[in-house]
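Reading through the structure tokens given below for one structure.
The numbers here are math on the coordinates, done by the rules we state, and not lab data. The model shown is predicted, which means the values in this text are computed figures rather than measured ones. Backbone-built Cβ (ideal geometry, glycine too); neighbour counts: all protein chains shown.
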Amino acid sequence: MIRRGSSSQRRSAIRRLSETRRRGSEWLLNRVRPDGSVGPSDEGFRFYRVPWSLNVSGHTQAATAVCGWIREYMLTPDGDFDRGHRRLYDAYAYRNATLVYGAHMARQFDISSRGLGFILSMQDESSGGFANDRDPDGTLGDVMDLPYTCGCGLACLALGRLDEARRVYQFLDRVWSVQSELPDRLYYSFSRRRQAVITEYNEKDIFWHVVESQEARPQRWTVGGLSAAFLCRLYMVDPNPNYLSLARDFQQFSIQSTPRQFEFPQVCKSGWGASLLFQVTGEDQYAGWAVKLAHWFADTQADDGSWVFDGDATEGRTLELTAEFVAHVDTIIGCLASRP
């Protein structure tokens, strides 16, 4: 009997994901115009992950062209990305950080270095978290959370800002250490003003504050996997066992959540965390979970190569999701192949 997460299963998953990545990246490539602009301009900054996704798929020319358009039409003197094209002000630092990560990968160092400088202005001095939102007038929102802060931490790591990345770990550790309802609930947002985890909120905002692990509904299932992914990347740079221990905790929360989480696109980042934990530890349980996610990505891909979970999804939202999934698929391929 083949063991869960065995080398045979990993090889099979890699073969299947390689085709999944090809089809997804070609769908993205067809949305890049000759001038480097991407997708529907009226939907704003939904293409922030496209340079990353195209670069890891081998489409260097297109990835660089997109960066060129951003440099020409969005990059501001202080390292922000706007100049009238943004239109989306939620997840502000996260969108910027994800673009910075991809631009750095594409060797567009002027974009990545200036962009990171701007992002760091949104890091909270006290906690190490990053503000989720920023209004057009520059006012920062009160809420910081685990997923968006981890995205900023990855950009810090990519550009060698280790002190700032360690402060992200401190933020994650602080949020995790005060949890009192695990494994049922993980409260993942944090008030910059009060310097405390947010556990009281309007019911309509529940999606943005807590994951209830056994409730089968749209939730930010991303929290556990992305936190584990960042911590593994940090551990690769600075092998502190505390990082790895916390990564295991976050990933275990994800793994132990309801199997019905696979009905929702937010489960995607669980494969990110599991595959990196497998690369770092070599443990079969993480390989098995990453293989499970690998087949989920392949099974949910549409015939045209995109991913769509919402019947009312716009072209911009489909672009955003497909670019994300291509990047995750590539990470899983690399991590599953990283051990004999």
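Brief remarks on what is shown
- C-alpha center-to-center spacing [region 165-198, region 36-108] in angstrom: 29
- For the chain, calculated [θ]222 nm from helices alone, where every DSSP H run of n ≥ 4 adds -39500 (n - 2.57): -17500 deg cm²/dmol
- In this Cβ point-charge picture (+1 for Lys and Arg, -1 for Asp and Glu), the chain has a dipole of about 1180 debye about its Cα centre.
- Candidates SER121, SER53, SER112: whichever shows maximal mean-square fluctuation once the chain is modelled as a Gaussian network with Cα springs under 10 Å: SER121
- P(r), alpha carbons of region 243-312 - 10 Å bins starting at zero, rounded %: 19, 50, 24, 7, 0
- Contour minus Cα-Cα distance for SER18 and ARG193 (0.36 nm per residue): 58.5 nm
- Placing R0 at 41 angstrom, the Cβ-Cβ distance between TYR89 and GLN256 gives a FRET efficiency of 0.75 after rounding to 0.05.
- Computed over region 151-295, Kirkwood Rh from alpha-carbon pairs, angstrom: 15.5
- Here the gap between GLN170 and ASP110, fully extended at 0.36 nm per residue and compared with their Cα-Cα distance, gives a gain of 18.7 nm.
- Globularity index of region 1-145 is 1.22 (Cα radius of gyration / 2.2 N^0.38 Å, N = number of residues).
- For region 97-232, the Stokes-Einstein estimate of translational diffusion at 10 °C and a viscosity of 1.306 mPa s comes to 103 µm²/s, using the Kirkwood hydrodynamic radius over alpha-carbon pairs.
- Calculated on the alpha-carbon coordinates, the convex hull of region 8-336 measures out at 125 cubic angstrom per residue.
- Taking region 183-281 and dividing mean pair separation by its residue count, relative contact order in percent (alpha carbons under 8 Å, at least six apart): 30
- Mean separation of Cα pairs under 8 Å and 6 or more residues apart, divided by the residue count, gives the chain a relative contact order of 21 percent.
- Globularity ratio of region 86-174, using Cα Rg and 2.2 N^0.38 Å: 1.00
- Between MET236 and ASP135, the simple spin-label model (points 7 angstrom out along Cα→Cβ) gives 3.9 nm.
- Here TYR94, TYR73 are placed in order of increasing Cβ neighbour count within 10 Å, fewest first, which gives TYR73, TYR94.
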